[in-house]
Amino acid sequence: MTVDVLTKNPALESLFIDPQQVITLDANFLIPPDRSMHLIPGISFPQFQAIWLDPIFQLFPHLAVHEAVRDELVSQDIKTFIQIKVNAMPSEIIIHKDSE
């Protein structure tokens, strides 16, 4: 694999310039990595939340998921995490809906 370190990624650069923009997340962004099939233990959801989710949600205040993505989430921990974000006042996550 070749990594181009000379050319800036314009999408990533735009996030650093304007972290207030809406960023729509895929479900995979919310799921802790699990390499247990390769004999590497997965990390717990609380640990994943502390080292990945909480810092990202603090840095980027306008994160979003589509309602279909939210409905596909399997883990109860992830569902609860998202629901807490939805119920916060003001809401800490945007839910995109087809009806809007």
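The values are calculated or read from the model by the stated rules, or taken from the named source; none is laboratory data. Worth saying up front: this structure is predicted, and the values here are computed from it rather than measured. In this analysis, Cβ positions are derived from the backbone assuming ideal geometry, glycine residues included, and neighbour counts consider all displayed protein chains.
Of all residues in segment 18-29, at least one satisfies being of a type in the set (Ser, Thr, Tyr) and outside any loop (DSSP other than H, G, I, E, B). Scanning segment 65-100 for residues that are among the hydrophobic types (A, V, I, L, M, F, W, C) and surrounded by 15 or more Cβ atoms within 10 Å (Cβ to Cβ) yields 65, 69, 73, 78, 81, 82, 93, 94, 95.
Taken together, 92, 100 contain a single residue that is in a loop (DSSP other than H, G, I, E, B), of a type outside the set (Lys, Arg) and modelled with pLDDT of 95 or more, which is 92.
Selection within segment 30-45: residues that are touching a helix residue (DSSP H, G or I) at 6+ places or on another chain (Cβ under 8 Å) and not in a loop (DSSP other than H, G, I, E, B). The member of this set that is nearest to residue 71 (Cα to Cα) is 30. Would you mind stating whether residue 51 is in a strand (DSSP E or B) and under 23 Å from residue 15 (Cα atoms)? In short, no.
Residue 38 passes every criterion in (1) farther than 27 Å from residue 85 by Cβ; (2) touching a residue at least 40 places away in the same chain (Cβ under 8 Å) apart from (2).
Okay, residues lined up against (1) under 14 Å from residue 92 (Cα atoms); (2) modelled with pLDDT of 95 or more; (3) over 12 Å from the mean Cα position of the chain (by Cα); (4) of a type in the set (Phe, Trp, Tyr):
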{"residue": "12", "(1), (2), (3), (4)": "no, no, yes, no"}
{"residue": "18", "(1), (2), (3), (4)": "no, no, yes, no"}
{"residue": "30", "(1), (2), (3), (4)": "no, no, no, no"}
{"residue": "35", "(1), (2), (3), (4)": "no, no, yes, no"}
{"residue": "49", "(1), (2), (3), (4)": "no, yes, no, no"}
{"residue": "53", "(1), (2), (3), (4)": "yes, yes, no, no"}
{"residue": "63", "(1), (2), (3), (4)": "yes, yes, no, no"}
{"residue": "71", "(1), (2), (3), (4)": "no, no, yes, no"}
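Reported count of residues in segment 16-45, each being exposed (fewer than 11 other Cβ atoms within 10 Å of the Cβ) and farther than 21 Å from residue 60 by Cβ, is 7. Taken over segment 1-15, the criterion of being under 19 Å from residue 55 (Cβ atoms) and surrounded by 10 or more Cβ atoms within 10 Å (Cβ to Cβ) is satisfied by 15 alone. Applying the set (1) of a type in the set (D, E, K, R); (2) under 22 Å from residue 21 (Cβ atoms); (3) free of Cβ contacts under 8 Å to residues at least 12 places away in the same chain to residue 79 leaves exactly one unmet item: (2).
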